[in-house]
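Enquirer: Structure below; questions to follow.
The values are calculated or read from the model by the stated rules, or taken from the named source; none is laboratory data. This is a predicted model, so every value here is computed, not measured. Don't worry about glycine lacking a Cβ; one is built from the backbone with ideal geometry, like all the others, and counts go over all protein chains shown.
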Amino acid sequence: MPRLFAFVISLLFAAGAQADVWTFETPSENIQCVVGESPDSSDLSCTIIERSGSPALPRPADCQSDWGHDFFMTDTGAVRMLCQPLRISRNGFDRADYGVTGRFGGFVCHSSQRGLECKNEVGHGFFLSRAVQKIF
């Protein structure tokens, strides 16, 4: 519980710094996210390591790398899926326990047993779970 409390507090009070970066993952360690925040903007990148089913968007014709694992958005932009090699790192991420909602930069993310849902200031976002990946 102290680790979770420290994680939430760090997200709430770090906004005053010049540029901050946070990392967090779901308890399953299958979804990992990196948040970057500067005084003018913020961005969020999340990777789902093991997934099944169809990707949230069709693979672009020019994508010759992994597809369907990496999701990126800014605090006011639409979600983009990234065509890039899958990063598998199971170390160094703070845990976003199930039931936790984090507010940071221009984002709100909620971790649940169903998956991870993140939204930005204008309502764009995604839902990620092993079985389902959705963009809205």
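Enquirer: Among the residues of the range 108-136 satisfying the criterion of being among the charged types (D, E, K, R) and over 12 Å from the mean Cα position of the chain (by Cα), which is farthest from Val79 (Cα to Cα)?
Expert: Applying the filter and picking the extreme gives Arg114.
Enquirer: Could you list all residues from the range 60-117 that are in contact with a strand residue (DSSP E or B) (Cβ under 6 Å, 6 or more places away or on another chain), within 23 Å of Ser41 (Cα to Cα) and assigned to a loop (DSSP other than H, G, I, E, B)?
Expert: Scanning the range 60-117 gives Asp75, Val79, Phe93, Ala96, Gly105, Gly106.
Enquirer: Within the range 40-50, can you find the residues that are farther than 16 Å from Phe126 by Cβ and either surrounded by 13 or more Cβ atoms within 10 Å (Cβ to Cβ) or of a type in the set (Phe, Trp, Tyr) (or both)?
Expert: Scanning the range 40-50 gives a single hit, Ser41.
Enquirer: Mind listing just one residue for me: the one in the range 1-37 that is of a type in the set (Gly, Ala, Ser) and at pLDDT 90 or above and, of those, nearest to Asp97 (Cα to Cα)?
Expert: Ranking the qualifying residues of the range 1-37, first place goes to Ser28.
Enquirer: Are any residues in the range 17-37 outside any strand (DSSP E or B), of a type outside the set (Asp, Glu) and surrounded by 13 or more Cβ atoms within 10 Å (Cβ to Cβ), and if so, which ones?
Expert: Selection gives Thr26, Pro27, Ser28, Asn30.
Enquirer: When you scan the range 51-67, do you find a residue that is among the hydroxyl-bearing types (Ser, Thr, Tyr), surrounded by 14 or more Cβ atoms within 10 Å (Cβ to Cβ) and at pLDDT 95 or above, even just one?
Expert: For the range 51-67, residues among the hydroxyl-bearing types (Ser, Thr, Tyr), surrounded by 14 or more Cβ atoms within 10 Å (Cβ to Cβ) and at pLDDT 95 or above: absent.
Enquirer: Can I ask one more? Restricting the range 101-120 to residues that are more than 14 Å from Val35 (Cβ to Cβ) and in contact (Cβ under 8 Å) with a residue 12 or more places away in the chain, which is surrounded by the most Cβ atoms within 10 Å (Cβ to Cβ)?
Expert: Gly115
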